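S.K.: Here's a structure for you.
The values are calculated or read from the model by the stated rules, or taken from the named source; none is laboratory data. These numbers come from a predicted model, not from an experiment. In this analysis, Cβ positions are derived from the backbone assuming ideal geometry, glycine residues included, and neighbour counts consider all displayed protein chains.
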Amino acid sequence: MTISLIDLRATLSHKQSLCIPQFSLAPHEHWAVIGGNGSGKSALAALFSGDLEIIEGSMEGLCKKVVHVVSFEEQQALIKREQERDESDILDVVWQGTPVIEILQEVSRDQEAIDRWVDLFNLNAVLQKGFRKLSTGETRKVILIRALLSECDLLVLDEPFDGLDIQSQQHLKALLDDLKSNGQQMLLILNRLDEVPSWVTHLGFLHNLHLTLQGEKDAILQHDSVKALMHFSDKTFTLPAKDPCVTHLDLPEVQPLVSLIDGRVAYTDRLIFEALNWRIEQGEHWAVLGPNGCGKSTLLNLISGDHPQCYANNLRVFGIKRGSGESIWDIKQHIGIISASLQWQYKASTNVLSTVVSGLFDTIGLYNKVDEHQKNIALQWLTQVGLEKKANLPLHQLSFGEQRLVLICRAMIKQPALLILDEPCQGLDEANRHLVLGFIALLAKQKDTSLLYVTHHASDLIPCFNKRLICTDVSEEKGSIWQTTHING
C-alpha cells in the first residue's frame with residue numbers, strides 16, 4: 001500500500017511548522033530524504049512515529065501499517081527512561097540498569113532472531129550489561145536490533161550509520177541491501193550523500209522545514225538547491241577572540257599534558273583495558289581509533305575526570321596527579337569537551353547563547369555573572385556556524401545536528417589547552433561537517449591547544465591528527481589492546 005502525505009502541516013513550536021505539500025511512498029520505490037541541519041529531517045521521522053501531531057492535511061495509508069523509527073531521539077528516550085528507573089538514591093543500592101537482553105525482549109521473544117542480530121552486531125559480550133552502561137555505538141546497535149526484531153511494515157532509519165564503527169557500518173549496508181531485496185519498505189533519512197545506498201531510486205529534499213524537492217534520485221542530485229547543500233565555501237575562517245578572563249595553562253615545556261602509566265579500567269564483569277601507557281605532549285594532536293565498546297570514550301573520560309577510576313590510576317593531567325587532593329576545577333578549566341554523552345546530559349533549561357557561554361565556566365547551564373564581552377564572543381561563535389538568529393531560542397528546540405553545533409561552540413569558546421572531541425561530526429550535514437573540521441584544523445595550528453579526537457569516518461581524519469592511539473584487538477581476558485603510531489607527512 002502507498003503511504004501518502006497530502007497538504008500536511010505539523011507544529012514543532014509556536015513559530016515553527018513542518019510543511020509537506022505532497023509526498024508518496026510507493027512499495028516499488030526506494031526513498032531517502034536528505035537536507036541540512038535544521039531542515040526538518042528528524043521532524044519527518046517523528047511524524048512517521050506518531051510523536052509529531054498533524055495540524056493540517058492528512059497522512060493516508062499509514063493507519064494499517066506498523067512503523068518502527070530508528071533515530072537519535074529514540075536512543076535518547078531509552079537513556080532517559082533508564083535514568084528515571086534509577087532509584088539508587090532511595091534504595092541505597094547501585095542499580096546497574098536494564099540488561100540489554102531485556103531491552104531486546106521488550107520487542108520480541110524470538111530468541112533465535114535475537115541471537116542472529118546480536119551475533120551480526122557483535123553484542124554478545126554485553127547482553128547482561130545494563131543498557132545505560134553501553135558506549136554510544138553499542139546503544140545505537142541495540143536501537144537498530146530492536147527495529148529489526150519488530151518485523152514492521154515500514155522501517156524509518158534516521159541517520160542509521162552515525163555512531164557505528166567501520167565494520168558495523170559495512171554490516172548495516174549489507175543488511176539494508178538484504179532487507180530491500182526481501183521487500184522491506186524503508187525510508188532513509190540521511191546527512192551524508194555518500195551513505196545513500198545505490199539501490200535508492202527516489203530522493204526528497206528538505207529545506208527550512210519544507211519538502212521542496214522530490215523525485216527520481218539522479219534528477220534531484222542535479223538540482224541547484226541540492227548542489228548548494230554540498231558546496232563548501234573557500235573563504236578563510238578565523239577563530240573568534242579568546243576571552244581574556246580564561247586562565248592560561250602555564251606548564252614547563254618538558255611537562256606533558258597527560259601521562260598515564262599502566263592504565264587500567266575494569267568493572268566487576270568486564271575488563272576494559274589494562275597496562276596502557278600513554279603520554280600526550282604539549283602541541284600534539286591525537287586520534288583515538290577503534291571499534292564500538294573498546295573503551296575510547298572511557299579513556300577520554302578518564303582524562304577529563306568524568307570517570308571515577310581516574311583516581312585509581314597513575315594519571316597526571318597538566319602535571320597534577322589525580323587523587324592528590326586537587327580540585328576537579330583545576331583540571332576542567334583547561335579542558336573543552338564535546339561528546340554524545342554530554343549532549344544527552346545537557347538538560348539545563350537555557351537558551352542557545354547561554355549554552356555557549358557556559359563553556360567558559362565548565363557548567364551544565366549558566367549560573368555565573370556574564371560580562372557583555374563574553375556574550376559577544378559566544379555570539380561570534382554562533383555566527384560562524386550560522387546559528388546567530390537562534391541565539392535566544394531554547395536549546396531543546398533545535399534539531400539534533402544544530403544542538404551538536406552549539407555544543408561544539410561551547411567546547412571551543414575557551415580555546416582550551418586540551419580539546420576532547422568524541423565524534424564531534426555526529427549528526428552534522430556535509431557543509432557543517434566541513435565547517436567544524438575547518439575549525440579543528442585552525443585550532444590545531446594554535447600552539448596553545450592540543451586535540452584528542454575520536455571518529456569512525458576515515459574522511460574526517462584530517463592531516464593534523466598525525467598521532468594515533470589504535471585499539472588493535474578486544475578480548476574478554478585481556479580487554480582492549482592498544483598501540484600508538486605516528487603518521488608521517
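S.K.: Please indicate, with yes or no, whether at least one residue in the stretch 270-278 is modelled with pLDDT under 90 and within 30 Å of E372 (Cβ to Cβ). Steps first, answer last, please.
M.R.: Here is the first cut: in the stretch 270-278, the ones modelled with pLDDT under 90 are 270.
Next cut, within 30 Å of E372 (Cβ to Cβ) only: none.
The answer is no; no qualifying residue exists.
S.K.: Contact list please: Cβ distance under 7 Å, first residue in the stretch 114-139 and buried (at least 21 other Cβ atoms within 10 Å of the Cβ), second residue among the charged types (D, E, K, R) and part of a helix (DSSP H, G or I), pairs at least six apart or on different chains.
M.R.: Cβ pairs passing all conditions: F121/K141; L123/E138; L123/K141; V126/E138; F131/E82.
S.K.: Something else: Looking for whichever is assigned by TED's automatic domain parsing to the domain that holds I470, outside any strand (DSSP E or B), under 21 Å from L452 (Cα atoms) and small (G, A, S) here; the options are G263, G325, G365, G359. Which one fits?
M.R.: Numbers: G263 fails: outside any strand (DSSP E or B); G325 fails: under 21 Å from L452 (Cα atoms); G365 fails: under 21 Å from L452 (Cα atoms).
Step by step, each of G263, G325, G365, G359 is checked, and only G359 is assigned by TED's automatic domain parsing to the domain that holds I470, outside any strand (DSSP E or B), under 21 Å from L452 (Cα atoms) and small (G, A, S).
S.K.: Something else now. Could you check the stretch 379-401 and list, in sequence order, the residues that are part of a helix (DSSP H, G or I) and either under 24 Å from Q75 (Cβ atoms) or touching a residue at least 40 places away in the same chain (Cβ under 8 Å) (or both)?
M.R.: Within the stretch 379-401, Q380, W381, Q384, K390, L395, H396, Q397, F400, G401 qualify.
S.K.: Any idea how many residues of the stretch 378-398 are buried (at least 21 other Cβ atoms within 10 Å of the Cβ) and within 17 Å of the chain's Cα centre (by Cα)?
M.R.: Total meeting the criteria: 1.
S.K.: Quick one: in the stretch 1-53, which of the residues that are closer than 11 Å to L209 by Cα and hydroxyl-bearing (S, T, Y) is surrounded by the fewest Cβ atoms within 10 Å (Cβ to Cβ)? Before you say what the answer is, go through the steps one by one.
M.R.: Going residue by residue through the stretch 1-53, those that are closer than 11 Å to L209 by Cα are 9-12, 16-20, 35-44.
Filter once more, keeping what is hydroxyl-bearing (S, T, Y): 11, 17, 39, 42.
Values: T11: 15, S17: 17, S39: 25, S42: 24.
In this case the residue turns out to be T11.
S.K.: Here's a follow-up. Name the residues in the stretch 256-282 that are surrounded by 14 or more Cβ atoms within 10 Å (Cβ to Cβ), of a type outside the set (V, I, T) and out of contact with any Leu (no Cβ under 8 Å at 6 or more places or on another chain), would you?
M.R.: Matches in the stretch 256-282: P256, R270, L271, E274.
S.K.: Take K414 and tell me if it is more than 16 Å from W344 (Cβ to Cβ), in contact with a Gly (Cβ under 6 Å, 6 or more places away or on another chain) and not aliphatic (A, V, I, L, M). I'd like the intermediate steps shown before the answer.
M.R.: On the way: more than 16 Å from W344 (Cβ to Cβ): yes; in contact with a Gly (Cβ under 6 Å, 6 or more places away or on another chain): yes; not aliphatic (A, V, I, L, M): yes.
So K414 fits the description; yes.
S.K.: Related question: Evaluate the following for G427: is it crowded, with 23+ Cβ neighbours inside 10 Å, touching a residue at least 24 places away in the same chain (Cβ under 8 Å), touching a Phe, Trp or Tyr at 6+ places or on another chain (Cβ under 7 Å) and within 29 Å of D243 (Cα to Cα)?
M.R.: Criteria met by G427.
S.K.: Filter the stretch 17-67 for residues that are of a type in the set (K, R) and in a loop (DSSP other than H, G, I, E, B); which is farthest from the chain's Cα centre (by Cα)?
M.R.: K64
S.K.: Moving on to the next point. Look at the stretch 300-324 and say how many of its residues are without any contact (Cβ under 8 Å) to a residue 60 or more places away in the chain and not polar (S, T, N, Q).
M.R.: Within the stretch 300-324, residues that are without any contact (Cβ under 8 Å) to a residue 60 or more places away in the chain and not polar (S, T, N, Q) number 13.
S.K.: Shifting gears a bit: Out of L149, L172, I need the residue that is modelled with pLDDT of 90 or more, surrounded by 17 or more Cβ atoms within 10 Å (Cβ to Cβ), aliphatic (A, V, I, L, M) and touching a Ser or Thr at 6+ places or on another chain (Cβ under 8 Å). Which one?
M.R.: L149
S.K.: Would you be able to tell me the number of residues in the stretch 168-182 that are without any contact (Cβ under 8 Å) to a residue 40 or more places away in the chain and not acidic (D, E)? Reasoning before the result, please.
M.R.: Step one: list which residues in the stretch 168-182 are without any contact (Cβ under 8 Å) to a residue 40 or more places away in the chain, which gives 170, 172-174, 176-179, 181-182.
Of the ones still in play, those that are also not acidic (D, E) are 170, 172-174, 176, 179, 181-182.
Qualifying residue count for the region: 8.
S.K.: Can you pull out the residues in the stretch 365-377 that are touching a Ser or Thr at 6+ places or on another chain (Cβ under 9 Å) and either modelled with pLDDT under 85 or buried (at least 19 other Cβ atoms within 10 Å of the Cβ) (or both)?
M.R.: Listed by number, the residues that qualify are G365, L366, Y367, N368.
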